[in-house]
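Before any comments, here is the structure.
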Amino acid sequence: MRIDPQEGADESCDAAIGATFPTIDSVADGLRSVGYHATRRLATAVFLALRMNRPLLLEGEPGVGKTELAKALAKMLRRSLVRLQCHDGIEQRQAVYEWNYAAQLLHIRAAEAAGEGGESESAVYDTRYLLRCPLLQALLTPAPGAILLIDEIDRADEPFEAFVLEYLGEYQVTIPELGTIRAEVSPITILTGNRTRDLGEAVKRRCLYQWLDHPDAQRELSIILEQVPNTSQALGEQIAAFARRLREGAADGDFHRVPGVAETVEWARALNVLGISELDPDIVAETAGVLFKDPDDLDALTPERAAGLLRASTAFEQ
Ligand SMILES: Nc1ncnc2c1ncn2[C@@H]1O[C@H](COP(=O)(O)OP(=O)(O)OP(=O)(O)O)[C@@H](O)[C@H]1O
Ligand SMILES: [Mg+2]
């Protein structure tokens, strides 16, 4: 089976995106309209990735919005999101396709029972029995195409990374029994990593690159207020300022792992459930399990330490 790209399909899709999102600001606004708050630098990277049809590699601390960006992009462009979650030991076949052996066996049995044993062998290698894993699914997504998220690629090993690189170069895969399958429309591809290992230069060369930091206090406040709308402005500011101070403390070696945006949003939710409208040292210490997932960090956030951090949380002071 060979699926050839439609004449000009890629170009026309790019043109459609270009018409709807003609500027970096329009990309930033589009992302904001689906709940994602991007810095100007990230919006620029997304704009270029869309315009230049290049994969975008995002690295950064946990919980800074790498995975969320791909989800937001899918919503913004109204495309389906196809996600390949990488992990230690992931193999090519889990990423591309597998044959549905049980269904193939049933086919053979049925054919034998009907006295058609001879033709069953080629018939079992039919697309009906093909299980489409994410990389194949992304290729076969009809226009306008998919957003392909290759999440946490640093968790896969180097041979797998090399295979992904080959895929990104051609957007095609070969299935020995069926032939080469090429993308009708190249997916818009986002790769993410946490730098658990250095990715190869070749992957970096092929992709546009962005390092995502924790948001500044103002952006974090906007995210909190949007995701937990019954949070008051004052409490939102306290949470965002406190999170920023915690992260600065981590740079001084006070904590092992500081909270990402996911945790601060969850903290706002928890404080709402508890009916709390203002942070104080005891409340911070009592609810620290929402922010920290490390026993040493939990122990370190005593009421006294929390009091010091609250005093030093000055991000929104005039
Ligand atoms: N810029 C942002 N705009 C809106 N929401 C955000 C943003 N950044 C983070 N979030 C929120 O934080 C949560 C965690 O983000 P996400 O899962 O994308 O982190 P990540 O960088 O992929 O982390 P990890 O490395 O642990 O996978 C999201 O579900 C979202 O609610
Ligand atoms: Mg993620």
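Values for this structure:
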item	result
Close pairs (6 angstrom Cβ cut-off, 6 or more residues apart or separate chains): basic (K, R) in the stretch 167-187, surrounded by fewer than 18 Cβ atoms within 10 Å (Cβ to Cβ) anywhere	R182/I3; R182/Q172
Subset tally (residues that are more than 17 Å from D157 (Cα to Cα) and within 16 Å of ligand 1 (Cβ to nearest atom)) for the stretch 60-110	19
Whichever residue in the stretch 30-62 is at positive phi and of a type in the set (G, A, S) and, among such residues, is least open to solvent (accessible area, probe 1.4 Å)	G60
Cross-chain or 6+ apart pairs with Cβ under 9 Å, the stretch 57-80 first and among the charged types (D, E, K, R), then in a strand (DSSP E or B) and near ligand 1 (Cβ under 8 Å from one of its atoms)	E59/T192; E59/L212; E61/L212; K66/L58; K66/G60; K66/D151; K66/T192; K66/L212
Qualifying helices (runs of 4 or more DSSP H) (wholly inside the stretch 27-96; at least 2 residues being within 16 Å of the chain's Cα centre (by Cα) and under 15 Å from N194 (Cβ atoms))	66-77
Residue list for the stretch 97-134, restricted to those being assigned to a helix (DSSP H, G or I) and of a type in the set (F, W, Y)	Y101, Y129
Residue within the stretch 268-279 that is within 16 Å of ligand 1 (Cβ to nearest atom), open to solvent by 30 Å² or more (accessible area, probe 1.4 Å) and either more than 24 Å from the chain's Cα centre (by Cα) or in the same structural domain as V164 (by TED's automatic domain parsing) (or both) present	yes
Hey, I239 modelled with pLDDT of 95 or more, away from ligand 1 (no atom under 13 Å from the Cβ) and part of a helix (DSSP H, G or I) or not	yes
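The values are calculated or read from the model by the stated rules, or taken from the named source; none is laboratory data. This one's a predicted model, so the numbers in the text were calculated from it and none came from an experiment. So basically every Cβ, Gly included, is an ideal-geometry build from the backbone, and we count neighbours across all protein chains shown. Only protein heavy atoms, including side chains, enter the accessible area calculation; ligands, DNA and RNA are left aside. Shrake-Rupley method; radii C 1.70, N 1.55, O 1.52, S 1.80 Å.
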